[in-house]
Amino acid sequence: DGGGGGAAAAAGGGIVVRRPASGWPTDSSAPGRLRLAEEEAQREGACEWTVHTVACLLDNYCYVLVDRSGGPDAADRPVALVDPSDPTAVLAALSDLSRDHYGGAALRPVAILTTHKHWDHAAGNVPLREKFGRSLRVYGGEVDAVSGCTHPLRDGDEVRVG
């Protein structure tokens, strides 16, 4: 996003996500920009989360942000999902990621961050909330009418996950 926004590790664990005033990255460079934000946080010694990219639909991505603040042996890891447009792909990815990267630890979605209301970004919000329960928070722009949004956001709002 060119600085001044994006995701960053929170003091005391968890993830703080700041929605840039310009919006979330939605073009093909988004995976690289999210990866750069993670690498920058790691260089600063503050990163306790990992971003995984999940292919959805024909040309979209969901991002799975895994909170690693519980240490390497945590049995349960809070997760934030960004633009989970294909709930089937997201559920399969959570299972695969748990097995392949986290020793079978439960990856527990606690928040969905939706960049904008288009179906190819928000189509998984309602089915995933039905799957994981009412405690799964769904964030979206307050003027954007995001499907399933439970927590509307304004520019500059911060979201704490984990």
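Within region 148-162, how many residues turn out to be assigned to a loop (DSSP other than H, G, I, E, B) and at pLDDT below 95? Even if it seems obvious, please write down each step before you answer.
Step one: list which residues in region 148-162 are assigned to a loop (DSSP other than H, G, I, E, B), which gives 148-150, 154-157, 162.
If we keep only those that are at pLDDT below 95 as well, we get 154-157, 162.
Count: 5.
Could you please find all residues in region 112-137 being of a type in the set (A, V, I, L, M), farther than 16 Å from Leu91 by Cβ and either in contact with a strand residue (DSSP E or B) (Cβ under 6 Å, 6 or more places away or on another chain) or in contact (Cβ under 8 Å) with a residue 40 or more places away in the chain (or both)? If you could, list the steps in order and put the result at the bottom.
Quick first cut of region 112-137, residues of a type in the set (A, V, I, L, M) only: 112-113, 122-123, 126, 128, 136.
Restricting the remaining residues to those that are farther than 16 Å from Leu91 by Cβ gives 113, 122.
Of everything in region 112-137, just one residue is of a type in the set (A, V, I, L, M), farther than 16 Å from Leu91 by Cβ and either in contact with a strand residue (DSSP E or B) (Cβ under 6 Å, 6 or more places away or on another chain) or in contact (Cβ under 8 Å) with a residue 40 or more places away in the chain (or both), namely Leu113.
Quick one: in region 137-162, of everything that is surrounded by fewer than 20 Cβ atoms within 10 Å (Cβ to Cβ) and under 13 Å from the mean Cα position of the chain (by Cα), which residue is farthest from Thr50 (Cα to Cα)?
Filtering region 137-162 for residues that are surrounded by fewer than 20 Cβ atoms within 10 Å (Cβ to Cβ) and under 13 Å from the mean Cα position of the chain (by Cα), the one farthest from Thr50 (Cα to Cα) comes out as Arg137.
What is the one condition in (1) under 18 Å from Val161 (Cβ atoms); (2) of a type outside the set (Val, Ile, Thr); (3) part of a loop (DSSP other than H, G, I, E, B); (4) open to solvent by less than 70 Å² (accessible area, probe 1.4 Å) that Gly104 does not satisfy?
In the conditions (1) under 18 Å from Val161 (Cβ atoms); (2) of a type outside the set (Val, Ile, Thr); (3) part of a loop (DSSP other than H, G, I, E, B); (4) open to solvent by less than 70 Å² (accessible area, probe 1.4 Å), Gly104 misses (1) alone.
The values are calculated or read from the model by the stated rules, or taken from the named source; none is laboratory data. Owing to the predicted nature of the structure, the values given are computational and were not obtained by experimental measurement. We place every Cβ from the backbone using ideal geometry, glycine too, and count neighbours over all the protein chains shown. With ligands, DNA and RNA removed, areas are computed over all heavy atoms of the protein, side chains included. Shrake-Rupley method; radii C 1.70, N 1.55, O 1.52, S 1.80 Å.
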